[in-house]
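**Student:** Here's a structure for you.
The values are calculated or read from the model by the stated rules, or taken from the named source; none is laboratory data. Since the structure is predicted, the reported quantities are computational estimates derived from the model, not experimental observations. Here the Cβ is made from the backbone with ideal geometry for all residues, glycine too, and neighbour counts use every protein chain on show. Note: accessible area is taken over every heavy atom of the protein model, side chains too, but ligands, DNA and RNA are not part of it. Shrake-Rupley method; radii C 1.70, N 1.55, O 1.52, S 1.80 Å.
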Amino acid sequence: MALKYNPQEIERKWQEKWAADRIYEVKEDSSRPKFYALTMFPYTSGDLHIGHWYAMAPSDVHARFKRMQGYEVLHPMGFDAFGLPAENAAISHGIHPYDWTMANIEHMRRQLKSMGAIYDWNREVVSCLPEYYKWTQWFFLKLYHAGLAYRAKAPVNWCPRCQTVLANEQVVGEGFCERCGSQVTKKDLEQWFFRITRYAEELLNFSHIDWPERIKTMQRNWIGKSEGAEVSFGLEHEDIEPKEIRVFTTRPDTLFGVTFFLLAPEHPLVPKLTTPEYKAKVEEYIAWCRQQTEYERTALGKEKTGAFLGSYVINRLNEEKVPIWITDYVLPTYGTGAVMGVPAHDERDLEFAKKFNLPVRTVIAPPGWSGEELAEAYTEPGTMVNSGEFNGLPSEQGYERICNLIERKGWGKKAVTYRLRDWLISRQRYWGAPIPIIYCDKCGIVPVLEKDLPVLLPPDAEFRPTGESPLKYCQSFVNTTCPKCFRPARREIDTMDTFMCSNWYFLRYTSPKIDNAPFEAKKLKYWLPVDLYTGGAEHAVMHLLYSRFFIKAIRDIGLVDFDEPFTRLFNQGTIIYRGGKMSKSKGNVIAPDEYVAELGADAVRGYLMFIGPWELGGEWSDSGIVGISRWLNRVWSLIETGYTSQDVKPKAEKGLRHVIHKTIKKVTKDLERFRFNTMLASLMEFTNYLSKVQEAKNISISLWQEAITYLLLLLAPTAPHLAEELWARTGHPYSIHNQPWPRWDEELAKEEEITLVIQINGKLRDKLIVPASITEIEAKELALERERVKAYTSNKKIANIIYVPKRVINIVAK
């Protein structure tokens, strides 16, 4: 009698043996092609739920597949361990962030090991440990010395609940904090920035990477490239030098239509340009603007507001005086913080002009225009009017000629601007990598010396919900000595955005134990760039954009010799449960532990891949995972029951060989394309076919053993524990995971072909050569697509389609 399948016992047994034998330890083997398969490392929240497994289990299956194909595969795991939740836990529960984080890592590591993945745990990285963040600080210094890190006072996004600064990318929806959902406000602070804008143009080049189009589109939109001209407006004000203000416009052809000039309320010239009689109103309006979020200021449909400064600029093209206003919808961070108002040809400017009764002058005439007032802003190309010497020109030609004129006169030039802002990295938090900067009253800003890294987080900091870094109150941390003059000095008390830690973790995996450099150059050259990166699309304009910038920056510094961190990117979908995406905040998470304990990790892995296309995700169902468990039990029983041969039939053997090689081909192709659900469907069909063969007893024992061998090899990436156990129990040498991936014979895999007769109303009209395995639905679809069929049915209604399997399709058309 066959033994019963006991996944808990089998999985524990093989996980212990794999670990003892170090079977998944990775080495740099130049005799094999390398494949760096990386899954985004998890944040140390405390528990891995099924949503995490959905990112990790299929990626492990693919990595195992590549390993069996002969690649030296690096598929590492670590922990994104700095961040706000740990600090909030410290405030709420009185536990130090380090203790909270490390306890979570221990629990999550155990959960990850229960998955049976091929992670080489000797390469684990933990971003909150000094041996890691020492090099995060080292990279900051490299960027600082290269002129890519700087400090400036700026209005920043402030979350009153999280009590910290947010990068623009962390403000979502209608101006809310990405993490807690609170309304974000503005606050002026001295902050540290990285000059990501220097790389805006290069970041728009995706020609060397294979990424989903939607991610590339999101990054393009975030970078926001605009082409146009920088134009000088004259400024005749005795207290201001230089005598101009420059604006960026995408429509220099509308310069003759400027009837007002707008500045951001935060523009540094506003106080100087405000005349005494307007000062009170302007200051009142600026105070009101500071209470508005960026989303509120720029929302479409919002009633326009503003204040006149009492001053004017000169439009150099027609020498007109143009009144200067401030308005909330002009932002200091976009372009020059100044905008020319052309109400006839911009919808927002028209709303502003109507609100404040400002002139509207048409300078681009739409087709058929005869001088009447336009009912709405005309934003399309047209004919230039009211534009002096440029009258009558198509606006496209006018664009070029006006650009030539202002360049010739020194009044401006063609220019490009970007929506992208420099990356604000300062955080008023404790649990992050300290910024390695010292402030000295004599020497100013002084970088920490490399030999003095890491700047360690003090273990005795107090956690108060004040909105200031807990480091501020830790005198043993703050007070230090200037490395230049050796006088008393103060440390920077802000820490770095945690995305700085994830900028480079994939580099550290190549040599995580080295202590005199962030990575070993030879090993980095072997592994990088990452061949396949998998994770969520929600990181499109944060981690994925920042890491691209970071690699380009350290390439220019001379630390790496490649341009992009991740050659190929694949975004998995999401697991839906109780009507929504699985997340802790929604209270609808499912822990994998109970399912692993009851049904085994292989069943959980299999179900997550069978639930739907990986890029789309699907709905979690307890009945669904039970179905996968039953299939694995059938595989066990099929092999444990054994096989006896009674009446060998050549036709049966030919049929089995065809199914074997067809399945190898299908499973291989599906794994290459991440079609895990259809891959599993093919393995289930193969299992069912073998069950019928087992009952018929009409093939040789040697062919049965060959078929079982192939089944186990194809199953190994998905159900590694079950495959390993059955591989051993069928007399094969350890380990199945060191075996080569099977290859198919094209001739044997080839489908038998048949000829289908196509009739229309009983008369022969066409013939179709198709695979013998074609389904009824497929046959009908192919028949209706034939040109000869369309010719006979184009003006008729299809009343019925009669299908005689492998023989005839009769289309009844009326």
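**Student:** Pairs, please: C-beta under 6 Å, at least 6 apart or cross-chain, first residue among the acidic types (Asp, Glu) and in the range 265-283, second open to solvent by less than 80 Å² (accessible area, probe 1.4 Å)?
**Tutor:** Qualifying pairs under 6 Å: 266/332.
**Student:** Give the number of residues within the range 684-704 that are open to solvent by less than 50 Å² (accessible area, probe 1.4 Å) and within 19 Å of residue 730 (Cα to Cα).
**Tutor:** 10
**Student:** Residues in the range 277-291: is at least one of a type in the set (Gly, Ala, Ser), over 30 Å from residue 160 (Cα atoms) and modelled with pLDDT of 95 or more?
**Tutor:** no
**Student:** Which ones in the range 596-619 are buried (at least 21 other Cβ atoms within 10 Å of the Cβ) and out of contact with any Ser or Thr (no Cβ under 7 Å at 6 or more places or on another chain)?
**Tutor:** Scanning the range 596-619 gives 600, 602, 604, 607, 608, 610, 611, 614.
**Student:** Inside the range 199-213, can you point out the residues that are touching a residue at least 12 places away in the same chain (Cβ under 8 Å) and surrounded by fewer than 11 Cβ atoms within 10 Å (Cβ to Cβ)?
**Tutor:** Answer for the range 199-213, where residues must be touching a residue at least 12 places away in the same chain (Cβ under 8 Å) and surrounded by fewer than 11 Cβ atoms within 10 Å (Cβ to Cβ): just 208.
**Student:** Next question. How many of the residues making up the range 243-272 are in a strand (DSSP E or B) and under 41 Å from the mean Cα position of the chain (by Cα)?
**Tutor:** Within the range 243-272, residues that are in a strand (DSSP E or B) and under 41 Å from the mean Cα position of the chain (by Cα) number 8.
**Student:** What number of residues within the range 626-651 are in a helix (DSSP H, G or I), hydrophobic (A, V, I, L, M, F, W, C) and either at pLDDT below 95 or open to solvent by 30 Å² or more (accessible area, probe 1.4 Å) (or both)?
**Tutor:** If we filter the range 626-651 for residues that are in a helix (DSSP H, G or I), which is where we start, we get 626-641, 650-651.
Now restrict to residues that are hydrophobic (A, V, I, L, M, F, W, C): 626, 628, 631-632, 635-636, 638-639.
Imposing the further condition that a residue be either at pLDDT below 95 or open to solvent by 30 Å² or more (accessible area, probe 1.4 Å) (or both) reduces the set to 626.
Residues in the range 626-651 being in a helix (DSSP H, G or I), hydrophobic (A, V, I, L, M, F, W, C) and either at pLDDT below 95 or open to solvent by 30 Å² or more (accessible area, probe 1.4 Å) (or both): 1 in total.
**Student:** Just checking, which of 232, 226 is in contact with a helix residue (DSSP H, G or I) (Cβ under 9 Å, 6 or more places away or on another chain), open to solvent by less than 30 Å² (accessible area, probe 1.4 Å) and polar (S, T, N, Q)?
**Tutor:** 232
**Student:** Conditions first: (1) free of Cβ contacts under 8 Å to residues at least 40 places away in the same chain; (2) in the same structural domain as residue 388 (by TED's automatic domain parsing). Residue 235 passes all but one, so which condition is the exception?
**Tutor:** Evaluating residue 235 over (1) free of Cβ contacts under 8 Å to residues at least 40 places away in the same chain; (2) in the same structural domain as residue 388 (by TED's automatic domain parsing) leaves (1) as the failure.
**Student:** Follow-up question, since we're still on this one. Being in a loop (DSSP other than H, G, I, E, B), out of contact with any Gly (no Cβ under 8 Å at 6 or more places or on another chain) and within 16 Å of residue 427 (Cβ to Cβ) is the filter here; which residues of the range 475-500 pass it? Let's see the steps before the verdict.
**Tutor:** Quick first cut of the range 475-500, residues in a loop (DSSP other than H, G, I, E, B) only: 482-487, 492-494, 497-498.
Then drop every residue that is not out of contact with any Gly (no Cβ under 8 Å at 6 or more places or on another chain), which leaves 482-487, 492-494.
The answer is 492, 493, 494.
**Student:** Condition first: more than 44 Å from the chain's Cα centre (by Cα) and farther than 25 Å from residue 270 by Cα. Can you find one or more residues in the range 342-356 that meet it?
**Tutor:** Within the range 342-356, not a single residue is more than 44 Å from the chain's Cα centre (by Cα) and farther than 25 Å from residue 270 by Cα.
**Student:** Same structure, new question: Do you know which of the residues in the range 424-436 that are modelled with pLDDT under 95 and in a strand (DSSP E or B) is surrounded by the fewest Cβ atoms within 10 Å (Cβ to Cβ)?
**Tutor:** Ranking the qualifying residues of the range 424-436, first place goes to 424.
**Student:** Continuing with the same structure: What residue, among those in the range 759-790 that are open to solvent by 50 Å² or more (accessible area, probe 1.4 Å), of a type in the set (Val, Ile, Thr) and under 27 Å from residue 657 (Cβ atoms), is farthest from the chain's Cα centre (by Cα)?
**Tutor:** 769
**Student:** Sticking with this structure for a sec: Could you look through the range 367-414, keep only residues that are of a type in the set (S, T, N, Q) and in a loop (DSSP other than H, G, I, E, B), and pick out the one that is surrounded by the most Cβ atoms within 10 Å (Cβ to Cβ)?
**Tutor:** Looking at the filtered set, the residue picked out is 387.
**Student:** Of 437, 445, which residue is touching a Pro at 6+ places or on another chain (Cβ under 9 Å), closer than 22 Å to residue 188 by Cα and not basic (Lys, Arg)?
**Tutor:** Criteria check complete, one pass: 437.
**Student:** Looking at (1) outside any helix (DSSP H, G or I); (2) out of contact with any Asp or Glu (no Cβ under 8 Å at 6 or more places or on another chain); (3) open to solvent by less than 50 Å² (accessible area, probe 1.4 Å), can you tell me which one residue 460 breaks?
**Tutor:** The one condition residue 460 does not meet is (3).
**Student:** Determine which single condition residue 592 fails, assuming it passes every other condition in (1) out of contact with any Lys or Arg (no Cβ under 6 Å at 6 or more places or on another chain); (2) open to solvent by 20 Å² or more (accessible area, probe 1.4 Å); (3) touching a residue at least 60 places away in the same chain (Cβ under 8 Å).
**Tutor:** In the conditions (1) out of contact with any Lys or Arg (no Cβ under 6 Å at 6 or more places or on another chain); (2) open to solvent by 20 Å² or more (accessible area, probe 1.4 Å); (3) touching a residue at least 60 places away in the same chain (Cβ under 8 Å), residue 592 misses (2) alone.
**Student:** State which residue is farthest from the chain's Cα centre (by Cα) when the search covers only the range 34-54 and only residues that are at pLDDT 95 or above, farther than 30 Å from residue 470 by Cα and open to solvent by 10 Å² or more (accessible area, probe 1.4 Å).
**Tutor:** If we take residues in the range 34-54 being at pLDDT 95 or above, farther than 30 Å from residue 470 by Cα and open to solvent by 10 Å² or more (accessible area, probe 1.4 Å), then 34 is farthest from the chain's Cα centre (by Cα).
**Student:** Output the residues belonging to the range 442-456 that are part of a loop (DSSP other than H, G, I, E, B) and either open to solvent by 30 Å² or more (accessible area, probe 1.4 Å) or without any contact (Cβ under 8 Å) to a residue 40 or more places away in the chain (or both).
**Tutor:** 442, 443, 449, 454, 456
**Student:** Output yes when any residue across the range 177-200 is over 23 Å from residue 295 (Cα atoms) and assigned to a loop (DSSP other than H, G, I, E, B), and no when none is.
**Tutor:** The answer is yes; a qualifying residue exists.
**Student:** Same structure again: Can you tell which of 150, 132 is aromatic (Phe, Trp, Tyr) and either in a loop (DSSP other than H, G, I, E, B) or open to solvent by 20 Å² or more (accessible area, probe 1.4 Å) (or both)?
**Tutor:** 150
**Student:** Taking the condition of being under 23 Å from residue 26 (Cα atoms) and either open to solvent by 70 Å² or more (accessible area, probe 1.4 Å) or in a loop (DSSP other than H, G, I, E, B) (or both), how many residues in the range 719-753 meet it?
**Tutor:** Summing the residues that are under 23 Å from residue 26 (Cα atoms) and either open to solvent by 70 Å² or more (accessible area, probe 1.4 Å) or in a loop (DSSP other than H, G, I, E, B) (or both) in the range 719-753 gives 9.
**Student:** Then there is this: Checking residue 756 against (1) open to solvent by less than 70 Å² (accessible area, probe 1.4 Å); (2) within 28 Å of residue 635 (Cβ to Cβ); (3) in contact (Cβ under 8 Å) with a residue 40 or more places away in the chain, only one condition comes out false. Which one?
**Tutor:** (2)
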